[in-house]
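Below is one structure, written out as structure tokens, with a few remarks after it.
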Amino acid sequence: MLYMEILYFVLAVCCGAYYICITSYAGITANFAWIWIFNALTLLLCGAVLRYHRLHSGLLPGKTAWILVAVRTLIVLAVLFPLPGILGGMRMKTDVSCDYAIVLGAQVRGTRPSRALLRRLEKALEYGKDHPDVVLVLSGAQGPGEDITEAVCMETWLRQQGCENKLVLEERSTDTLENLKYSDGLTGCADAKTGIISNDFHVFRSVLLSRKAGYAHVTGIPAKGDPVMELHYIVRECFALWKEKLKGNI
């Protein structure tokens, strides 16, 4: 039991340290960052209960400590159930020829792409050069803190980098499902061979949503991940997949 206590306390420290790392890197308002503090606190609770049971076994029923540990473990396993699919999406081949490639929007800081959006754009530029006939559909509306639409930001950046592909701007969508529906409304890409360009952790969910939206021939085109934020994004994506499942979108 002592080893379990130590393990829980070490993991709690790691979660707390990672929270500091990602908020220092992405800002204190980093989406869903609180999950690491919550995780650290629950790990500390489990470790403390095990320690209390070990030192005062006569005061705490043995089953109570292990039930707490078991419940927490089962919850974690349930949350991470989509993980194999996410990891599979991250390894999808990117050399498939498509008629259209939808570049999913992400946060714009003023008029400049965020780190996440920049990685998508770099992959779009690379894919467009390798497939000069592909039509790039740039999908994303204007959100809070954004001076222009995500689609316009993407167009500006791609043209500045010398992109020669045909670009179609979709400027209404505010989430992934809308990205897919409105892009199809402009181009009819749901009936064509279509690739979806997004950050690697997001590809699996994007492909599932596209199939639900009626896309017949779709493939994911993952952009490279962020070495600092990747673990956080993967955990957050597990929750996002469960949310989409509960809403009936996948």
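Observations
- Most tightly packed first, judged by the mean number of other beta-carbon atoms within 10 Å of their residues, the peptides 210-216, 197-203 read 197-203, 210-216.
- Global form of segment 190-250, assessed from the alpha-carbon gyration tensor, a/c cut-off 1.5: oblate
- Overall form of segment 96-203 per C-alpha gyration tensor (a/c, 1.5; a/b vs b/c): oblate
- Arg109 long-range amide H proximity, modeled H, under 5 Å: Ser114
- Order by protection proxy (mean Cβ within 10 Å, highest first), peptides 40-48, 161-169, 26-34: 40-48, 161-169, 26-34
- Proximal aspartates and glutamates relative to Lys243, as straight alpha-carbon distance under 18 Å, when same-chain residues fewer than 8 apart are discounted: Asp175, Glu178
- Centre-to-centre, using Cα atoms only, segment 1-61 and segment 196-231 are separated by 31 Å.
- Farthest positive-ward along the chain dipole, Cα basis, beta-carbon charges - from Asn165, Ser114, Leu11: Leu11
- Within segment 94-226, DSSP assigns beta bridges of which about 10% are antiparallel (rounded to the nearest 5).
No value in this document is a laboratory result; all are computed from the given coordinates. Note that the structure is predicted; figures quoted are calculated from it, not measured. Cβ atoms come from the backbone with ideal geometry, glycine included; neighbour counts cover every protein chain shown.
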